[in-house]
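Take a look at the structure below.
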Amino acid sequence: MDKILFNDSIVQRDKLIDIEDRGYQFGDGIYEVIGVYDGNFFMLDEHLERLERSAKEIRLSFPYQKQQLKERLEKLVTVNQLKEGVIYLQITRGEAERWHHFPSDDTKPNLVAYTKLEETLMEEENNGAAAVLTEDIRWLRCDIKTLNLLPNVLAKQKAVEHDAVEAIFYRGDIITEASASNVFIVKNGEVYTHPANNYILNGITRRKVLALCMDLGIKVNEETYSVQDLLTADEVFVTATKLDVVPIIRVDQQSIGTGYPGKITQKIVEAFRASVQELVRSS
Ligand SMILES: *Cc1c(COP(=O)(O)O)cnc(C)c1O
């Protein structure tokens, strides 16, 4: 785990970033977390496409050939011999004297990527986990995966302090998503999740789950739903890279449905595992 990708080369992890890197000072940058299963990337193209989109939305130049970046990330996984885990990748607007406005055009972005061991949360996936509710105090461009994560940090800390796996955000009366995952509910055999607009980050795992539901013949409604809808849902689950699909069996003090992972959620968990198995087998 001792090598990192720094801009265009794989180097030792002791590389130092300048104190005037804009990521450090302003959170002025973007990131991705990409799942690795038995040494294979899960939906790498989708992650790199979203990265490129995030760059465009914050007007950060993206001076990388996606194919080349892909090859370097694959090399990083190989040299670090990562089996189960993630690649964390971030790009900042680079190093420059601290002024809020963009630095001069010759300032180069800083790209850093490293590998991290991470196991799938089997226990939570099998038995379900708790979540807490918290107000969504984020900005109105939650569709961009930016380094500005203070509201998410505060929300997740609240979850941890309540032995919960996630903090679910509500904006007004509407459930948006969770601090680092997307939220789904099941009502009368149909799945509901917030539409992919500026109020949520459109997860790659979310997209995979939508496709799996289609295959399974489960109707999905990309529609908003209320806090009350969540609390009275038959089933609730959250999705994110490496979290995969985790059933939520309690929200604050309220049991969800039977208080155990629901039938539809379990089907989706199974289908997701099968798609990971398929990836591993086909490699
Ligand atoms: C990254 C993230 C997700 C999950 O996205 P995946 O691509 O599935 O990992 C959900 N919500 C937020 C706020 C995120 O930052």
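Where a number appears in this text, it was derived from the coordinates with a stated rule and is not lab data. Note that the structure is predicted; figures quoted are calculated from it, not measured. Methodologically, a virtual Cβ is constructed for each residue, glycine included, from the backbone with ideal geometry; neighbour enumeration extends over all protein chains shown.
Here the chain carries DSSP beta bridges of which approximately 80% are antiparallel, counting only pairs with both residues inside. Annotation: extensible slack from residue 278 through residue 101 equals 59.0 nm (criterion: 0.36 nm per residue apart, minus Cα-Cα distance). Residue separation of residue 84 and residue 158 scaled by 0.36 nm, minus their Cα-Cα distance, works out to 23.9 nm of gained length.
Helical content alone sets the calculated 222 nm signal of the chain at -9500 deg cm²/dmol, taking -39,500 (n - 2.57) per DSSP H segment of four or more residues and averaging over every residue. Couplings 3J(HN,Hα) of the stretch 120-137, computed from phi: 5, 7, 4, 4, 5, 5, 7, 10, x, 8, 9, 9, 10, 9, 8, 5, 7, 9 Hz, in residue order, whole Hz [Karplus 6.51 cos²θ - 1.76 cosθ + 1.60, θ = phi - 60°; x for Gly and Pro]. Among beta bridges from DSSP that stay inside the stretch 122-282, the antiparallel ones total about 65%.
All Cα-Cα separations within the stretch 122-282 were binned at 10 Å from zero, giving a P(r) of 11, 44, 36, 9, 0, each value a whole percent of the pairs. When only alpha carbons of the chain are considered, Rg and Dmax amount to 19.3, 59 Å. From the Kirkwood radius over Cα pairs of the stretch 3-117, Stokes-Einstein at 10 °C and 1.306 mPa s returns a whole-number translational diffusion coefficient of 109 µm²/s. Relative contact order, whole percent, for the chain stands at 18, derived from Cα pairs under 8 Å and 6 or more residues apart. Across 26, 169, 42, mean-square fluctuation computed from a Gaussian network of the chain (C-alpha pairs under 10 Å connected) peaks at 26. Considering only alpha-carbon pairs that sit under 8 angstrom and 6 or more positions apart, the relative contact order computed for the stretch 3-117 is 38 percent.
Can you work out D for the stretch 175-253 in µm² s⁻¹ from Stokes-Einstein, where Rh is the Kirkwood radius over C-alpha pairs, the temperature is 25 °C and the viscosity is 0.890 mPa s? The diffusion coefficient I find is 195 µm²/s. Please name whichever of 198, 180, 146 sits farthest to the positive end of the charge dipole of the stretch 127-283, dipole taken about the Cα centre and charges placed at Cβ: Lys and Arg +1, Asp and Glu -1. It is 146.
Projecting the alpha carbon convex hull of the stretch 136-213 along each direction and taking the average yields 5.8 nm².
Using Cα-Cα distances under 8 Å and only pairs 6 or more residues apart, what relative contact order does the stretch 122-282 have, in percent? Answer for the stretch 122-282 is 25 percent.
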